[in-house]
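The values are calculated or read from the model by the stated rules, or taken from the named source; none is laboratory data. Every value quoted in this text rests on a predicted model; they were computed, and no experiment measured them. Here the Cβ positions follow ideal geometry from the backbone for every residue, glycine too, while neighbour counts run over all protein chains shown. Accessible surface is based on the protein model in full, side chains and every heavy atom, while ligands, DNA and RNA are left aside. Shrake-Rupley method; radii C 1.70, N 1.55, O 1.52, S 1.80 Å.
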Amino acid sequence: AVVFIICLALSLIGCGSKPDTDPVVPDSVDVSQTPEEAVAPKPFSEDDTIEDEAWDELEALGQVQTEDGVFFVIITLPPDIVGADITQESLDAEAGENYISAKLNDDGSVSYKMTKKQHKVMLDGLVESMEQSLQEMIGGEEYSYTKIDHNKSFTQFDVTISGTELNFYDSFGVMAFYMYGGFYGLFSGHAADNVIVNFYDVNGTLINTADSANMES
């Protein structure tokens with residue numbers, strides 16, 4: 001269930017309705033700009049925005065807490081993800097295959113206690129979902145990505161494009177990589193301080209680097 005929730009959230013990246021006409025794509029990206037300037041997306045039109053409910057779900061996912069202990073892992077999901085209908089009885093009844101036990105907290109959140117093996121199965125499911133999403137970005141209509149590599153912790157992505165310059169969608173896609181790295185960090189119990197995205201052109205030349213640590217500035 002946890003993995004399913006994450007998959008839904010990841011899909012929100014591409015779920016905003018598209019405008020009737022394609023946005024203006026710049027002819028080139030000035031690589032002399034700083035990384036955060038170069039990847040800064042253009043403002044969306046009203047039709048391009050993701051619904052408030054979707055943003056609320058993403059914000060709720062950011063409140064997930066994972067405690068990685070020596071023998072067990074405890075993942076606490078916030079009330080907005082858990083929902084109002086869940087009960088302690090239902091949690092107890094479903095305990096076993098996916099988690100050892102679960103506690104419905106006073107604030108409506110739920111803390112799931114898992115073995116290391118159960119936690120690994122959950123993370124493997126998350127990784128599989130993210131890998132599938134990354135593959136769908138390669139060769140798509142919007143992105144010019146031809147190859148996407150990443151490290152084990154999803155804190156560094158090396159992205160190769162088919163040309164020599166980033167288009168609008170290529171640049172905005174950096175937000176998806178930031179999100180993947182953030183999700184993996186949340187549920188692995190090792191939150192990432194930052195996520196790095198390196199863009200390489202068709203000749204293998206590094207043309208841009210983006211760092212999630214620069215988002216606020």
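When nucleic acids and ligands are ignored and a 1.4 Å probe is applied, Ser90 ends up with an accessible area of around 40 Å². Residues within the reach of a label modelled at Leu123 (point 7 angstrom out along Cα to beta-carbon, backbone nitrogen below 13 Å), restricted to region 164-196, are 184-192.
Inter-label distance, Asp158 to Glu142: 2.6 nm, where each label sits 7 Å from its Cα along the C-beta direction. Charging the Cβ of each Asp and Glu at -1 and of each Lys and Arg at +1, and nothing else, the dipole of region 70-197 about its Cα centre rounds to 580 debye. Which entries in Lys116/Lys147; Lys117/Lys147; Lys120/Lys147; Lys113/Lys147 show an alpha-carbon gap greater than 29 Å? The pairs that break the limit, which is 29 Å between Cα atoms, are Lys116/Lys147; Lys117/Lys147; Lys113/Lys147. Packing around the peptides 201-209, 176-184, taken as the average count of other Cβ atoms within 10 Å per residue, puts them in this order, highest first: 176-184, 201-209.
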